[in-house]
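Take a look at the structure below.
The values are calculated or read from the model by the stated rules, or taken from the named source; none is laboratory data. Computed from a predicted model, the values in this text were never measured in an experiment. Glycine gets a Cβ as well: all are built from the backbone with ideal geometry, and neighbour counts include every protein chain shown. Note: areas computed on protein heavy atoms with side chains; ligands, DNA, RNA excluded. Shrake-Rupley method; radii C 1.70, N 1.55, O 1.52, S 1.80 Å.
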Amino acid sequence: MSKIRVLTVFGTRPEAIKMAPLVKELEKNSDKFESIVCVTAQHRQMLDQVLQLFSIKPEYDLDIMKENQNLWTLTADVLLKMKDVFESAKPDVVLVHGDTTTSMAAALSAFYAKIPVGHVEAGLRTFDKYYPFPEEINRVFADAVCTYHFAPTDTSCENLRKSSIPEEHIYKTGNTVIDALLYTVENNTPEIPNLNLDESLKTILMTSHRRENFGEPIKNICRAVLELVERNPDIQVVYPVHLNPNVQKPVYELLGGKERIHLTSPMEYAPFAAMMKKAYIIMSDSGGVQEEAPSLGKPVLVLRTTTERPEAVEYGTVKLVGTDKDVIVSEVENLLHNPDEYKKMSEAINPYGDGLASKRIVDLLYKNLSKKIS
Ligand code: UD1
Ligand code: UDP
């Protein structure tokens with residue numbers, strides 16, 4: 001029987017982290033699958049960090065990232081360049097992940113080539129097309145053109161049903177982010193970069209990069225950090241700053257060189273996971289961090305007003321606090337000074353997966369495709 005040719009496409013840091021365990025699982029099943037990896041390199045440095053960690057050598061690298069790129073050229077580049085990849089790689093199925101522009105445009109390109117697409121992390125929704133922007137529409141679009149929907153939770157399965165996706169194409173698999181986290185913790189002894197942290201202080205770890213937070217919101221977040229550090233001499237803040245110039249500029253202008261605020265380059269995944277474990281509180285507008293931190297028992301204050309990941313909010317370990325300076329300060333101080341509140345939010349829970357999502361997805365691909373190509 002011929003092997004099933006699976007083309008896995010990704011381009012940004014979070015996609016790479018969440019697709020890496022799937023690529024590894026396909027490689028483990030090389031008697032059944034021919035695994036082909038294409039990176040668009042929508043991100044360059046932040047993608048390469050992950051490829052190196054998981055020892056993934058892509059067969060195709062489109063190398064599209066440009067300084068401060070825009071959505072139009074990004075979409076056009078992926079859409080067009082993927083056509084040549086499909087013609088050369090001749091995949092039986094294409095896998096895309098989540099809600100980035102790489103995922104949406106690669107899925108559309110595969111649809112134009114009439115190749116079936118599997119959507120990993122399907123069915124997440126806020127039901128507000130501008131929050132997050134453009135991710136909500138990217139994932140709705142990807143779901144619409146994909147054939148196989150690998151949804152992480154019951155809620156995401158239900159969202160797919162509401163979007164009229166046929167029941168027989170919806171599979172609850174868990175989120176591969178937990179596979180990645182467990183793999184990373186098991187296979188690495190990561191060193192946290194030397195930031196001269198004071199071990200006697202409580203560490204707040206933060207990240208932010210969402211487009212809808214550019215401008216005033218991100219400045220408000222920075223002002224909240226300044227006020228928190230000034231009012232609370234027992235805390236320090238660690239902030240690996242996303243490479244997007246719309247983040248770098250305001251963050252370094254407002255927080256650079258300040259006492260007990262440690263700005264760093266984006267951390268490699270293994271040290272970042274170790275940093276999450278070390279942190280007392282995490283503040284973030286990241287999607288992936290909202291999924292990982294609850295399983296490490298860390299309270300997450302989300303610097304957004306909506307989330308497509310309501311599960312951990314319902315369990316009480318994640319709280320939406322938005323980007324108002326005074327609200328952020330008061331929510332962080334509530335956790336710092338109120339042990340009962342902290343205890344409630346720091347219970348380890350894992351609504352996003354059990355570390356076996358990649359295996360389930362690979363089994364489902366085999367079940368669905370082995371007969372079709374034999
Ligand atoms: C992208 C995704 C977002 C995801 C985020 C994860 C879209 C539209 N956005 O947003 O959904 O949450 O990635 O981080 O798909 N840059 C570098 N080096 C890098 C990465 C980025 O220099 O390794 C800079 C470049 O100037 C680039 C800019 O950041 O042009 C923006 O990158 P882009 O992928 O367009 O947007 P993100 O904000 O990273
Ligand atoms: N992450 C990392 N290094 C960092 C910050 C984050 O490896 O310095 C990881 C984090 O653990 C998570 C992923 O990057 O797995 C999230 O990526 P990001 O926040 O860029 O994107 P999102 O998840 O919001 O799409």
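At-a-glance table
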quantity: Condition broken by Phe150, with the remaining ones in (1) assigned to a helix (DSSP H, G or I); (2) over 22 Å from Tyr239 (Cβ atoms); (3) open to solvent by less than 40 Å² (accessible area, probe 1.4 Å); (4) not small (Gly, Ala, Ser) satisfied; calculated: (1)
quantity: Count - residues of the range 188-219 that are under 23 Å from Glu135 (Cβ atoms) and either out of contact with any helix residue (DSSP H, G or I) (no Cβ under 9 Å at 6 or more places or on another chain) or away from ligand 1 (no atom under 14 Å from the Cβ) (or both); calculated: 6
quantity: Only listed residue being open to solvent by 60 Å² or more (accessible area, probe 1.4 Å) and among the small types (Gly, Ala, Ser), chosen from Gly257, Gly297, Gly322, Gly288; calculated: Gly257
quantity: Residue in the range 191-201 that is modelled with pLDDT under 95 and among the hydroxyl-bearing types (Ser, Thr, Tyr) present; calculated: no
quantity: Failed item in (1) touching a Cys at 6+ places or on another chain (Cβ under 6 Å); (2) open to solvent by 10 Å² or more (accessible area, probe 1.4 Å), with Thr75 passing the rest; calculated: (1)
quantity: Meets criteria (more than 20 Å from the chain's Cα centre (by Cα), assigned to a helix (DSSP H, G or I) and crowded, with 17+ Cβ neighbours inside 10 Å) for Leu108; calculated: yes
quantity: Near pairs, Cβ below 9 angstrom, 6+ apart or cross-chain, from the range 30-49 (closer than 20 Å to Asp84 by Cβ and free of Cβ contacts under 8 Å to residues at least 40 places away in the same chain) to any residue that is more than 12 Å from ligand 1 (Cβ to nearest atom) and among the small types (Gly, Ala, Ser); calculated: Glu34/Ser2
quantity: Filter result for the condition that a residue is in contact with a helix residue (DSSP H, G or I) (Cβ under 8 Å, 6 or more places away or on another chain), over 23 Å from Glu333 (Cα atoms) and either among the hydrophobic types (A, V, I, L, M, F, W, C) or away from ligand 2 (no atom under 16 Å from the Cβ) (or both), over Leu228, Leu255, Leu160; calculated: Leu160
quantity: Filter pass, Val225 being under 19 Å from the mean Cα position of the chain (by Cα) and part of a helix (DSSP H, G or I); calculated: no
quantity: Candidate set: the range 1-60, residues that are of a type in the set (Val, Ile, Thr) and not in a strand (DSSP E or B); chosen: the one nearest to ligand 1 (Cβ to nearest atom); calculated: Thr12
quantity: Any chance Met275 is closer than 22 Å to Val327 by Cβ and surrounded by 20 or more Cβ atoms within 10 Å (Cβ to Cβ); calculated: no
